[in-house]
Amino acid sequence: MKKKKILYFLAGTGIVIIIILILIYRNLFGISIMANKNNQVIYIPTGSSYEQVMDTLESKLIIKNRKIFVWLANKKRYPSLIKPGRYVIDKDLTYNSLINLLRSGRQSAVRITFSNVLTLNQIAGKIGKQIEADSSQIVEFLSDDSNYIGDGFKKENIISIFIPNTYEFYWNTDAKELYNKMLKEYRIFWNDQRLSKAKEKGLNPIEVSILASIIDDEVVKNDEKPRIAGVYLNRLRRGIPLQACPTIKFALNDFSITRVLKKYLLVDSPYNTYKHSGFPPGPIGCATIDGIDAVLNAEKHDYIFFAAKADFSGYHNFSRTLAEHNRYASLYQKELDKRKIFK
C-alpha cells in the first residue's frame, strides 16, 4: 500500500513537472509575444538601459509572462548586450526569438528619399526626422569643415555630397555615420565614366554640381537642360560672367523671387554671378542627377545667351549676339508687365 502511494506521488509529481516543462517550452519556443499592431516598430535609443528597453517592449508588445521573459533575457546576457536600433516586429514571436533578434542588432533599415531641397538645413530636417541623429546634430557636423576638409570639401560645397535619391540608413545612424554613408554613395555615383566626362570639359565634380544646381533652378524642362549647360560652359570658356538669376536669389536668400530686378543685381555677395566671373563658391542647392548629367552631356553649340520665351511655356530662346538676346528679353519683360509680375 505504501509503495502504491509512493508510485502515485511520483507519477503525479512527474505529470506536474511535465506540465511545467511544457508551459516553459511553449513560453520559450512557442508563440509567446504578440505585437499590438502589424509591423510594430520598436525603437531602442543609443545608451538605453535594460529597464528602459523593458518599458519600451511592454508598451509595444504583449508579453504574457514577464518573469519567464526576464529570466531568459538574463540567461542570454541580454542586459549587457543591448543594441540600439529600429526593430520591426511583423509577426508573433517566441521569447527566445525576440531576445535573439534584439541582442543580435539585426535592425530594419530606414529608407529615406530626398529631392527638391535647396539647403543643408532642409536636408538635415528631412533626414533628422527619420534617424536618431536630429537635424541640429547633422547641421552642426556639416557646418564644421574640419570634419571633411580632408576629403576635399568645404562648408560652401559640402551639399554636393548629397545626390538626390533613395537611401537606406540604420535608425541609430549619427551625424558622422550619415556623412560617411553619403561620401560612399557620392564616390559610387562619380564613377569613371562621369569623372571622364567632367575632365573632358575641364571641370571637377564639385564644379559640375555648382553648375547643375544653377540649371536645376533655371530650367523647367529637363530636355532643355543640356542646351542651357552648353550656354554656361561657353560663357566660362570665354571668361564671360555666368549672369545666372538663380545665384541672385541665393545671394538674397529668397527663392520666391519670380522677377530678378536690376536693383537685385547690386547685392554684395560672392554668389552674385553678375559681378563675379567664374563659379560661385558652391552649389546653390542640392543638384539633381538630371542636372549633373545635363552638364556632363552638355550640347555643343555657339550660343552665349538665353531668355525665357514670352509664351511662358517654360522654354527659352537662345542667341549668339547681345542684340538678338535683348530683343527676346524685351518680349519677356513686356509679358511680365502684362501679367503684373513685378517682383
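Give a residue-ordered list of calculated ³J(HN,Hα) values for the range 198-215 (Karplus: 6.51 cos²θ - 1.76 cosθ + 1.60, θ = phi - 60°; whole Hz; x for Gly, Pro).
Per-residue couplings from phi come out as 5, 4, 4, 9, x, 10, 10, x, 5, 5, 4, 5, 4, 5, 4, 5, 5, 5 Hz.
Relative contact order, percent, of the range 192-338 when contacts are C-alpha pairs under 8 Å separated by at least 6 residues?
29
Please report the relative contact order for the chain, taking Cα pairs under 8 Å with a sequence separation of at least 6, and give it as a percent rounded to a whole number. Numbers along the way, then the final one.
Details: 490 pairs, mean separation 47.7, N = 343.
Value for the chain: 14 percent.
How large is the Kirkwood hydrodynamic radius of the range 199-259, counting all unique pairs of alpha carbons, in Å? Write down the numbers at each step before the final one.
Details: mean 1/r = 0.0805 Å⁻¹.
It is 12.4 Å.
Find the relative contact order for the range 110-189 and round it to a whole percent, using C-alpha pairs within less than 8 Å whose residues are 6+ positions apart. Spell out each step's value before the answer.
Numbers: 83 pairs, mean separation 30.6, N = 80.
Relative contact order, the range 110-189: 38 percent.
Using the Karplus equation 6.51 cos²θ - 1.76 cosθ + 1.60 (θ = phi - 60°), what ³J(HN,Hα) coupling, rounded to whole Hz, does each residue of the range 84-93 give in order, writing x for Gly and Pro?
Per residue, the Karplus-derived 3J(HN,Hα) values read x, x, 10, 10, 9, 9, 9, 7, 5, 10 Hz.
Calculate, in whole percent, how much of the Cα-Cα pair population of the range 139-230 lies beyond 22 Å.
Numbers: 1511 of 4186 pairs.
Within the range 139-230, distances greater than 22 Å cover 36 percent of Cα pairs.
Can you give the Rg to Rh ratio of the chain, both from alpha-carbon atoms, with Rh computed by the Kirkwood formula? Walk me through the intermediate numbers first.
Working: Rg = 31.0 Å, Rh = 24.7 Å.
Radius of gyration over Kirkwood radius for the chain works out to 1.26.
Assign unit charges at the C-beta atoms only (+1 for Lys and Arg, -1 for Asp and Glu), then state the dipole size of the chain relative to its Cα centre in Debye, rounded to the nearest 20.
Values: 51 positive and 34 negative charges, 345 e Å.
Taking the Cα centre of the chain as origin, the dipole is about 1660 debye.
Which of these, W171, W71, W190, has the largest mean-square fluctuation under a Gaussian network model of the chain (Cα springs below 10 Å)?
W71
Relative to the compact globular guide of 2.2 N^0.38 Å, what is the alpha carbon radius of gyration of the range 219-343, as a ratio?
On the way: Rg = 14.3 Å, N = 125, 2.2 N^0.38 = 13.8 Å.
That works out to 1.04 for the range 219-343.
Quick one: grab the alpha carbon gyration tensor of the range 110-189, order the square roots of its eigenvalues as a ≥ b ≥ c, and give me rounded if a/c is under 1.5, else prolate or oblate depending on whether a/b is larger than b/c.
Taking the square roots of the gyration eigenvalues as a ≥ b ≥ c, the range 110-189 is rounded.
Based only on the alpha carbon positions, what is the Kirkwood hydrodynamic radius of the range 103-261, in angstrom? Write down the numbers at each step before the final one.
Details: mean 1/r = 0.0571 Å⁻¹.
By the Kirkwood definition, the hydrodynamic radius is 17.5 Å.
How many angstrom lie between the C-alpha centres of the range 170-211 and the range 92-138?
22
Coordinate-derived values only; no laboratory data. Computed from a prediction, not measured in an experiment: that's the story for all the values here. All Cβ positions, glycine included, derive from the backbone under ideal geometry; neighbour counts span all protein chains shown.
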